[in-house]
1. Would you be so kind as to identify all helices of the chain, as entire DSSP H runs, whose Cα atoms reach 27 Å or more along the helix's own axis and whose mean Kyte-Doolittle hydropathy is at least -1.0?
2. When the convex hull of the Cα atoms of the stretch 198-338 is projected onto a plane and the area is averaged over all directions, what value comes out in nm²?
3. Assuming R0 = 22 Å, can you tell me the calculated FRET efficiency for the pair Ala83 and Gln123, based on Cβ-Cβ distance, to the nearest 0.05?
4. As a test of understanding, state the convex hull volume per residue of the stretch 278-385 from its alpha carbons, in Å³.
5. Using a 1.4 angstrom probe on heavy atoms only, work out the carbon and sulfur share of the accessible area of the stretch 40-152 in %.
6. Could you please report the charge total around Gly103, scoring K, R as +1 and D, E as -1 over all other residues with beta-carbon less than 12 angstrom from its beta-carbon?
7. Calculate, for the stretch 232-359, the solvent-accessible area per residue in square angstrom, rolling a 1.4 angstrom probe over the heavy atoms of the protein chains.
8. Helix-derived [θ] at 222 nm for the chain: sum -39500 (n - 2.57) over DSSP H runs of at least 4, divide by residue count, nearest 500?
Amino acid sequence: MSLMPVSEALEKLLAGVTPLDTDHVSIAKANGRYLAAPLASTRTQPPFAASAMDGYAIRHDDLVGSTPSLEVIGEAPAGHGFAGNVGPGQTVRIFTGAPIPDGADTILIQENAERDGDRITVQVAPGKGAFVRPAGLDFSKGDVLLKPPLKLNYRHLALAAAMNHATLPVVRKPKVAILATGDELVRPGTEPGPDQIIASNHAGIAAMVEDCGGEPIDLGISPDEPKALAEHVNRALREDADILVTLGGASVGDHDLVQDVLGNEGMDLAFWRIAMRPGKPLMAGRLGKTKVLGLPGNPVSSLVCGLLFLKPLMAAMTGKPQQGNRPKEAVLAMDLAENDRRQDYVRAKLSKDDDGRLIASPFPKQDSSMLALLAKSGGLIIRPPHAPAEPVGATVPVLVL
């Protein structure tokens, strides 16, 4: 099987993927979730003409003469409107948020009034309608104010609460089962044997899943044994996983058994082996309703492939707008050699020069096992297949991490 271009593989992976079904969650648990349906207001805000300031509700027509004097006939604190009517020469002491009393049409702010007992003298006359918030100033009942695709944040949730919604329709979180494979792996915190290493990929992929709004399911580590692998795969299906991510075991070695086991379990293979570096042995398919993404075992390859393929797949399932991993332009700080037939993702340190331009400094070593370099990297320089050599000062596309 020939190597598939990255763009073609991503297109195949996302073909036919739509947002998952709808959950209804309390507004307290909706932060960061993706709205599943348009949300209309159940009320008008404000529901009545209200005062925007502390002061006095007056009739603007009473502002005649050089120093108008008005009789205070009552008080209207927030939540307790004045039940009477403001007649000629009268006023009501009012506070922010309280309804405008019948007969009044203007607010005289308190610092522009001088009070003596039950009378006030107008010191600075306001314009007609000053400091009055009309009913429906913000929105009206039935207004559709929030629409998908939308990742809900503090601003949206405050608005939804003002619209009097206690629960919100959101896209269900994708369940992502994560299975590390390999006799050589042990969990973090475990003392490895003389020929073993610490498993690290699953921790990074699980964090990526959470960042993308998903629910990670840790299937643990499977040994390189077909029956054990099959048992782990079937657990993912029992958990109703939307995505099964396998880590390692999808290459061509004698002990790389994942693809065979998945095939025996009924997986429909979509593609395998991508023209990219790092990450060539990437695999994708479908096992029933579960999407399968087989990531390479090398830590950097696994995380880079997760960035390029798992994140867009989860975005499609959660209803996030498909903007892709849009690169930014950066200026090279050192020469890059001509590229071969694979699309290369070169780890680089990012900085800015005095003019605010993004500067990319690729690390000399790019081995796919070197997690420390990935942690130090600010971005990945994208080198298309057969890209010519690029000198210092050339502009290159960079995925900012």
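The values are calculated or read from the model by the stated rules, or taken from the named source; none is laboratory data. No experiment lies behind these values; they were computed from the predicted model shown. We place every Cβ from the backbone using ideal geometry, glycine too, and count neighbours over all the protein chains shown. Ligands, DNA and RNA are stripped out before the accessible areas are found, and what is left, the full protein with its side chains, is counted by its heavy atoms. Shrake-Rupley method; radii C 1.70, N 1.55, O 1.52, S 1.80 Å.
1. Numbers: long enough: none.
The qualifying helices: there are none.
2. Average projection, Cα convex hull of the stretch 198-338: 10.2 nm².
3. Computed FRET efficiency for Ala83 and Gln123 comes out at 0.20.
4. Working: hull volume 13.3 nm³, N = 108.
Per-residue hull volume (Cα only) is 123 Å³.
5. Whole-percent figure for carbon plus sulfur exposure: 48.
6. -3
7. 44
8. Using -39500 (n - 2.57) per qualifying helix, the result is -5000 deg cm²/dmol.
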